[in-house]
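Structure, as structure tokens:
The values are calculated or read from the model by the stated rules, or taken from the named source; none is laboratory data. Keep in mind that what you see is a predicted model, and the values were worked out from it rather than measured. Positions of Cβ are backbone-derived with ideal geometry, glycine not excepted, and every protein chain shown enters the neighbour counts. Remember, those area values only see protein heavy atoms, side chains included, never the ligands or the DNA or RNA. Shrake-Rupley method; radii C 1.70, N 1.55, O 1.52, S 1.80 Å.
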Amino acid sequence: MFVPNDYSTDLNVGYEQLAKQLDALLTGESDRYANLSNASALLNQFLDRINWVGFYLWNGDELVLGPFQGLPACVRIPFGKGVCGTAAMQEETILVPDVHAFPGHIACDAASRSEIVVPLLKDGELLGVLDVDSPEVDRFTEEDRKGLEQFVQTLVGHL
């Protein structure tokens with residue numbers, strides 16, 4: 001759900017508008033880290049009830065912390081480990097209603113209770129993952145999944 005702003009109260013429409021804003025924000029900029037930084041800042045501004053949003057980037061062996069908004073985080077995540085490493089390995093979005101029920105969850109912030117991780121794939125190649133955490137159990141919905149996948153698809157076009 002979005003913080004009250006100029007976006008529609010309809011979550012799907014809000015995510016469509018957010019993806020368009022991201023596209024406009026990143027158009028003309030080719031630096032990967034600048035674009036990832038602005039993407040995490042944009043999500044942090046418009047998503048409510050979250051405590052961390054950012055990226056882990058694939059270096060060929062593991063995921064390494066990239067641009068983010070929130071408290072300091074785990075720097076390296078092994079491929080296939082935790083929610084981020086599992087989403088990267090499966091190349092599929094993972095929505096976790098309660099991180100304490102996820103086998104092998106890596107607790108970077110003890111306040112996090114739910115999480116959604118969306119892989120960044122470009123031309124079939126894993127670039128990394130978008131990770132969003134919330135201090136609330138069951139914070140993320142299927143609408144969030146679809147909206148964040150759309151956001152990532154827009155972002156990947158600028159990486």
Specify whether the C-alpha gyration tensor of the chain places it in the rounded, prolate or oblate class, a ≥ b ≥ c being the square roots of the eigenvalues: rounded for a/c under 1.5, otherwise prolate if a/b is larger than b/c and oblate if not.
oblate
Within region 19-124, chymotrypsin sites (Phe, Trp or Tyr not before Pro) in DSSP loop having at most 12 other beta-carbon neighbours inside 10 Å
none
Cβ-Cβ cut-off under 11 Å around residue 55, Lys and Arg +1, Asp and Glu -1: the net charge is 0
Students often forget the sequence filter, so: which lysines lie under 30 Å Cα-Cα from residue 20 once same-chain residues fewer than 8 apart are removed?
122, 146
Of the accessible area of the chain, with the probe set at 1.4 angstrom, what percent is carbon plus sulfur?
50 percent
Would you calculate, for the chain, the mean residue ellipticity at 222 nm contributed by helices, counting each DSSP H stretch of 4 or more residues as -39,500 (n - 2.57) and dividing by all residues, to the nearest 500?
-11000 deg cm²/dmol
For the chain, which cysteines have no disulfide-compatible partner, meaning no other cysteine Cβ under 4.7 Å?
84
